Structures are given as C-alpha cells and as structure tokens.
Amino acid sequence: MEDKFASIRNLRFVLKEVHGVEDLFEYPYFADHDSGTIDLVLQTASNIAKDLLYPVLREMDKNPPEFKDGNILVHPTVKQWIKLCGEDGWIAAEFSQELGGQQLPNMVSLAVFFLFFAANYSISAYLQLTAGAGRVISKFAAPYLVEKYLGKMLTGQWQGTMAMTEPQAGSSLADIATYATPADDEYYLISGQKIFISSGDSDAVENIVHLVLAKIKGAPPGVKGISLFLVPKYRVRSTGELESNDVTTAGMFHKMGYRGCPIAHLSFGDQGDCRGYLIGEEHKGLSYMFHLMNEARLGVGTGAAAIASAAYYKSLEFAKMRTQGRKANEKDPTLPMVPIIEHAETRRLLLSQRSIVDGSLSLILQCGRYIDLQQVAPEEMKDHYGLLLDLLTPIAKSYPSEMGIQSVSQGLQIFGGSGYCDEYPMEQYYRDARIHPIHEGTTAIHGMDLLGRKVRMRDSKAFELYLNEVRFAIETGSAVADLKPYAEKLGQAVELLQKVTSHLMTVSKESPSVFLADSVLYLDLFGVVTIAWQWLLQGISASKGLVNQASETDTRFYRGKLRTMKYFFHYELPKILGLAQRLQESDLLTVGMVIEEFDD
Ligand SMILES: Cc1cc2nc3c(=O)[nH]c(=O)nc-3n(C[C@H](O)[C@H](O)[C@H](O)COP(=O)(O)OP(=O)(O)OC[C@H]3O[C@@H](n4cnc5c(N)ncnc54)[C@H](O)[C@@H]3O)c2cc1C
C-alpha cells in the first residue's frame, strides 16, 4: 500500500489559512521564520517520517522492547532516530536560541509531531518526552541543573521522562508515596516505586533524566505536599563522569499497542543512595509538572488525531481499490463489481473519519496558537490566552482520543475481514490508538477537570472568553452566503451549551454528588460544539480560498473541505441534543445504584 499517512496540504491550510501562523512572524521572537521556512520544515519532517519512521512501524510492533538483565533494550532505529533528532535540532526546535533552539512556533512544532506520530507513534513519543521534560527543566530548575542536564537532553544523548504514576496512585496523584529526605544542601534522597513510565529505561541513550513527583517527609497531605525532583539514572560527578544513582528498572509492562516505546517499573533508592535535585520550590511540584502534563496532553491529542489520519489514508486507498457488489440502483449481475468507495456507507465512514481527523487537528493547532501568543503577546494579554488554553486542553486531549478510536475503527471496517488481520496495519492502528483515553489523565479525569474546575475558574472567565471566540466565528461565517446556515447551527449549539452549563451550575449548589456524575457527557457535548467551531473556521477559510481564483487542485481541496464541514454539521453536531437532554435530567440514576445491584 502507499505510504501516505497525513496531508501536508491540509497541514499548510490549517496552519496558514485557518490559524494565521504567519501573523506570528511579526513578533521579534519568531521573526527568523517565514512562510517558506515553515514549508521547508514540514517537507523535511515528512521526508524523515516517510524514510525513517514509517518503514519500521510494523517491525517495532512485532519486535517490542525486551527486558534483559535489568535493562530495557529497544529497537535499533530508536537510537538512530534520537541521534538524528538531537543533531538536526528537532528536540530543541521550540527552545530559545539562547538554549540552542530555533524558536519555532509551537503550532509548527505540533504540525511536525503530527507527521511523526502519523508515521510511527511509538518512536515519536521518545522525542516528545525529552522535549517536554527539557522545557520544565529550562523553566523551573536551578541554573546549575539546567547547565548540567539540559544540553545533553536537547542533543539527544539523554532521554527525559515524567515519573508520576505509582501502583496505588494513578489518577489520584494526591496519594503518591514516593518520598524525599533532605540529605545536604544540594540533594534529597529519593525512595519509592513508579510504574508505567514511558521510555523509563532504554539502551538507545547514555542516560535517562526522570522528573519525579515525591513528597518531602513532613509535607502537607494531598497535592499541596508534592514536590518535583530531577532524578537521573546516572548522576554527574564534578569531574563530569557518570555514576550510578540507584535507580533500578524493576520490570517492563507488555502492552496491547504503542509497543515500540517501553513502559517501565522503576524503583528509586533500593540501596538508600538515590539522589534527587529539587526543581523550583518545595511542595509546588505539581504546578511545575502541570506544564509538562498540559503539553503532553496536547501531544496525546495530536498523536490520537495523527494515528486516525494514517488509518484514514489507508482506508481511502483500500476503498478505491477493493471491488464488491454493484451500485444500489444497478440490478444487472453481469456488470463488473464496483470499488466499495461507490457505496454510500463507505463514503459516510470516510467522511466521518475525515471530519474527526481534520476537526481535531484544527483544534490542536488552535491551542498551539494560544501557546505561541501567550509567549509573545503583551503582558496584559498573556492571561487571556492562558485561560483559553487551560479551558480547551481537556477537550483537545479527550476529543481526538475518544473519537480517534472510533475513526480508526471506521477505517478498519472499510477493510472488512482484512482489517481484522495483520496483513494490513489497521489492527495495529486500532491497538495503538487505544492508549490515548487512558494516559495523561483518563477521560473521566478530564471530564471532571472541565466541568468541576475549568468552566468555573475565575468566575467563568475562561468560558466567557471561549464563547466570545466562537461568537466571532459565527459572525464571520454568517457573512458568507453558503455558510450562513452553518453559522446559525453553531449559534444554536452554543446556546444549548450555555443552557446546559448554567443548569449544571445550579445542580452544583443543590447536589454536589450529582453535579459531576455525567461530566464525561458534558466533555463530549463541549467537544462536539468546539469541533463544530473549528469546522466553521475551516469552512470560512475554504470559502475564501475558492473565491481567490484557486487552481484546479486547490479547488478540489477546498470543495472537499466544505463537504466535510457540512458532514460534521449534519451528522455529528445533532448528537449534542441527546447529550443535552440527559445532562439536564441530573438525577441519581448512576450514583444512586446500590453496588450489589450490578451483580448477576
Ligand atoms: C502505555 C502507558 C504509558 C504511560 N506513561 C506514563 C508516564 O510516562 N508517566 C506516568 O507517570 N504515568 C504513565 N502512565 C500511567 C497513566 O497515566 C495511568 O495509567 C492513568 O493516569 C490512569 O491511572 P491508573 O492506571 O492507575 O488507573 P486508575 O486511576 O486506577 O483508574 C481506573 C479507572 O477508574 C477511573 N477513575 C479513577 N479515579 C476516578 C474518579 N475520581 N472519578 C471517576 N473515575 C475515576 C479511571 O477513569 C479509570 O477508568 C502510562 C500508562 C500507560 C498504560
């Protein structure tokens, strides 16, 4: 089969025509870039994805990492890949020039990751973890730690991780039991267990730098007592040599998908000599880690949309090639069979996939734009973009994650029985995609975060800003004749979202236990409205593109966009009616059920 897994034309459209990446180059911080450099970056990333990452996609799935003599051995391409990413500046791309980076806008970096993830999710995760951990170190760690550790991470010699989860504390980080004892002015002694740590050990690099959440002895209970430590696998002596830091790889978990990247069980301080270096201030660790977690959540959304994109292109190719049956209005059995793309249901499946992939991608790059504006906007506007980003992060993580699985499943369905067999990569995409609603906070956690915290924070200021953004798109869309009905539909959807939200705010006062009971449904509803907003924005840009004397290929592209936008508004948006109905019932149906009633 062809090796198309993403569309560069679409990435350029969303980056430039929908979200105006070129405006960012007006700011001195991004002034070294222009439209041409962005095209070059995307093309280079796409070539690497095609030539290095995609060819080992299936091989890495069939030959997952091995745990041998206390070490995790990974596929040899991982080493080559990390080295290349270090040497060619992909890990440092978004970092400041001062730190050896290129000050690439986050939007562009997310587009690059989309290409890498679509080609091979597992191998790309190593890169993302190091860059994310490096960013936390650069922002919050003491200068001597930055000097000692960051350079080697950005050049791909050392790997970064985020080590939060423990056997008894997954979603409930307040209950972590890893603890830190002050030892001298410079370090603490760390003791505890962490599980499921992505790229927690690997022979592809010389050293691993873990960002570990732990509680200093005597700290306040709950999340207010959590601190963040830099804990290397090998610590750096004053002479620059590396020595063991008493971090043991106790095991490796065997996963259903995403098998090219190991998840490790790590034990810290078995010999009482594991040194951890405090990052920032004591007890404020979770707030620092949130920088990495929020970035990783956007990364998860990107990965989910990217895998769904790869599955879409495979199923599109198959649908054009596979012949079965005849057109619905054709009864003559002597006529040749038609490609299955001639059947309405196959087209519905393809449109559904595409509406999920392109809608999710647009939301992710919208968030990337807020990150960039937060970085460069005047001081008084930083809070504005920060609030929008905070509100949208649970949606940008969860919508692509949940709907990405549905999208891949629809692609697999197009393959019929062949989709279920490993002759084609669809079954792998399905397995790979399944992790996304689980890691970086399960969907349940994001539902509660959105409804319980984000919508209400600062007197609902973020929610108000969001409504203004959507209303602005509605106003712009209403001025385009073809889009007016869709702008109206979005207007009605937003009104419904507001109605449901104010109903739930009343419930929160009257019956707190019922308030959050259906928060995942609220997340679903908010997600669909948000993706409809992103589709209207894409529709506005596609309409503009058509007016501006588009070439034949561009005309086809814009028409395809408008058709997919219409699909979303006619097939997906109406789903909010059912969700809204249930959310306004707010009763004790689930929370009131006696546990024994589940039995038998
Ligand atoms: C492949 C993979 C990679 C990972 N990588 C990392 C990593 O790099 N670093 C790291 O620290 N961790 C990592 N994790 C751990 C991951 O973040 C956790 O698995 C996840 O947060 C869920 O925790 P848990 O598995 O303990 O499930 P639990 O927290 O036990 O949850 C079990 C179920 O209960 C639900 N639940 C829990 N609490 C509530 C609640 N209050 N209300 C409603 N429902 C609730 C959950 O939604 C879930 O459905 C990884 C996991 C996997 C599988």
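The values are calculated or read from the model by the stated rules, or taken from the named source; none is laboratory data. Fair warning: this is a prediction, and the values are worked out from it, not measured in the lab. Here Cβ is always computed from backbone atoms with ideal geometry, including for glycine, and neighbour counts include all displayed protein chains. Accessible surface is based on the protein model in full, side chains and every heavy atom, while ligands, DNA and RNA are left aside. Shrake-Rupley method; radii C 1.70, N 1.55, O 1.52, S 1.80 Å.
Around Tyr567, under 10 Å between beta carbons, what's the net of Lys plus Arg minus Asp minus Glu among the other residues? Can you show the working numbers first?
Values: positive: Arg347, Arg348, Arg354, Arg563, Lys566; negative: Glu572.
Value of the local net charge: +4.
Applying D = kT/(6 pi eta Rh) to the chain, where Rh is the Kirkwood radius over alpha-carbon pairs, T corresponds to 37 °C and eta to 0.692 mPa s, the Stokes-Einstein value obtained is 130 µm²/s. The local environment of Asp175, defined by Cβ-Cβ distances under 11 Å, has a net charge of 0 under the rule Lys, Arg +1 and Asp, Glu -1.
Taking Cα pairs under 8 Å and at least six residues apart, what relative contact order does the chain come out at, in percent? Kindly include the intermediate steps, with their values, before the conclusion.
Details: 1037 pairs, mean separation 76.3, N = 600.
Taking the mean separation of contacting Cα pairs over the length of the chain, I get 13 percent.
In the chain, the longest principal axis of the Cα atoms and the axis of helix 121-140 are about 60 degrees apart.
Using only DSSP helix segments of four residues or longer, with each worth -39500 (n - 2.57), what per-residue ellipticity at 222 nm results for the chain after dividing by its residue count and rounding to 500?
It comes out at -17000 deg cm²/dmol, rounded to the nearest 500.
Rolled with a 1.4 Å probe across the full set of protein chains, the surface gives Thr476 an accessible area near 50 Å².
Among beta bridges identified by DSSP and lying wholly in the chain, the antiparallel ones come to about 80 percent. Each label point was placed 7 Å from the Cα along the Cα-to-Cβ direction; for Ala328 and Ser502 their separation is 4.2 nm. Positive contributions from Lys and Arg (+1) and negative ones from Asp and Glu (-1), summed over other residues with Cβ under 12 Å from the Cβ of Thr590, come out at -3.
Cα-Cα over 23 Å: which of Lys139/Lys233; Lys224/Lys382; Lys314/Lys575; Lys320/Lys397? Those over the limit are Lys224/Lys382; Lys314/Lys575; Lys320/Lys397. Rolling a 1.4 Å probe over the protein heavy atoms leaves Arg58 with an accessible area of roughly 70 Å². Considering only Leu388, Ser315, Ala328, the residue lying farthest towards the positive end of the dipole of the chain is Ala328, judged by Cα position with unit charges set on Cβ. Using only alpha carbons, region 1-155 has a radius of gyration to Kirkwood radius ratio (Rg to Rh) of 1.00. Since only Pro378, Ser401, Gly285 are under comparison, the one whose Cα sits farthest along the positive direction of the charge dipole of the chain, derived from C-beta charges on Lys, Arg, Asp and Glu, is Ser401. Kirkwood radius and radius of gyration were both taken over the C-alpha atoms of region 532-593, and their ratio Rg/Rh is 1.33.
Excluding same-chain residues fewer than 8 positions from Lys454, which aspartates and glutamates have a Cα within less than 12 Å of its Cα? Result set, ordered by chain and number: Asp390, Glu464. Using only side-chain charges placed at the Cβ, +1 for Lys and Arg and -1 for Asp and Glu, the dipole size of the chain relative to its Cα centre rounds to 1240 debye. The His570 and Glu2 beta-carbon pair, evaluated with R₀ = 25 Å, returns a calculated FRET efficiency of approximately 0.25. Placing unit charges on the Cβ atoms of the charged side chains and taking the dipole of the chain about its Cα centre, the candidate lying farthest along the positive direction among Ala306, Ala183, Ser355 is Ser355. Rolling a 1.4 Å probe over the protein chains gives His19 an accessible area of about 10 Å². The C-alpha atoms of the chain define a longest principal axis, and helix 35-48 lies at about 80 degrees to it.
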